[in-house]
Amino acid sequence: MLGINPEAILTYCEDHTTPDSPVCKAIAEETHAKSEEARMLVGPVQGMFLTLLARSIGARRVLEIGTFTGYSALKLAEGLPDDGEVITCDVDPEVTAIAQKHWNKSPHGKKITLRLGQALKSVETLSGPFDLIFVDADKGNYINYWEACVPKLRTGGLIVADNVLWSGRVLEPKEKDDHAVVAFNRHVKNDRRVDVVMLTVRDGIAMACKR
Ligand SMILES: C[S@@+](CC[C@H](N)C(=O)[O-])C[C@H]1O[C@@H](n2cnc3c(N)ncnc32)[C@H](O)[C@@H]1O
């Protein structure tokens, strides 16, 4: 289990959430079958949360840091209009090949562009403004991603960071990544450019709106 919520509650939430599209389902199935890191997927509840967030703010341009096998990128794309775009960044050519294969089978896949390489370098080359930015990669760089991304977010746009409760370890940080997540959460709370809310969705989400 990833996160702080009891398994039975997560199952109940999932049972009362609009089910995944066939392609999202196929991504999740292949990821679970082939990868020991399948817990990294945001999953159907947080995934639908991202779809509805994108749709409800009328997002057209979305940036994602951390593609993996392409599940959350597709959930975001499913919340965009036909001319919307998701630019998603990852370093790993193997997992993102799985992503691309599945996106090609979805009517929303044409909205997604993959940037392969160190995400910080990729973000440097991208022009804003973005309506929505989803940060879900290496925790040690979270503050750097934040600082690279906030200037590229439009006023009123949303930046969402995943795993901010770090399975509850933020309460008693021990390892390097635990401390990185704690420092990130403090950094965001003190950032006067945004208003932020921390939510207990799955492993914790910080959702901030640019002033
Ligand atoms: C938690 S997974 C992303 C899961 C994805 N958002 C989903 O829910 O479907 C994190 C991804 O970040 C990528 N990553 C780690 N360090 C990175 C870096 N420095 N630059 C770009 N991507 C990185 C990893 O290769 C991995 O695929």
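The values are calculated or read from the model by the stated rules, or taken from the named source; none is laboratory data. Because the structure is a prediction, the values reported are computed rather than measured. A quick note on method: Cβ atoms are made from the backbone with ideal geometry, for glycine too, and the neighbour counts reach across all protein chains shown. We work out accessible area using only protein heavy atoms, side chains counted, and drop any ligands, DNA or RNA first. Shrake-Rupley method; radii C 1.70, N 1.55, O 1.52, S 1.80 Å.
Figure legend. Inter-residue proximity from the range 87-113: first residues of a type in the set (D, E), second residues open to solvent by 60 Å² or more (accessible area, probe 1.4 Å) and more than 8 Å from the ligand (Cβ to nearest atom), beta-carbon distance below 9 Å, spacing 6+ or different chains. Indicated pairs: D90/R115; D90/L116; D92/L116. For beta carbons closer than 7 Å, sequence separation of 6+ or different chains, a first residue in the range 34-63 that is closer than 11 Å to P81 by Cα and in contact (Cβ under 8 Å) with a residue 12 or more places away in the chain and a second that is more than 10 Å from the ligand (Cβ to nearest atom) and assigned to a helix (DSSP H, G or I), there are no qualifying pairs.
The residues of the range 164-195 that are closer than 21 Å to L153 by Cα, open to solvent by less than 60 Å² (accessible area, probe 1.4 Å) and not in a helix (DSSP H, G or I), listed by number, are V164, D191, V194. The set of residues from the range 37-58 being away from the ligand (no atom under 13 Å from the Cβ) and within 25 Å of V91 (Cβ to Cβ) comprises just one member, A54. For the range 164-179, the criterion of being under 19 Å from A59 (Cα atoms) and free of Cβ contacts under 8 Å to residues at least 60 places away in the same chain is met by no residue. L126 falls short on exactly one of the conditions (1) open to solvent by 70 Å² or more (accessible area, probe 1.4 Å); (2) more than 12 Å from the ligand (Cβ to nearest atom), and that condition is (1). Counting only helices (runs of 4 or more DSSP H) that sit wholly inside the range 1-109, those with at least 2 residues that are open to solvent by 50 Å² or more (accessible area, probe 1.4 Å) and touching a Leu at 6+ places or on another chain (Cβ under 9 Å) are 43-56, 93-103.
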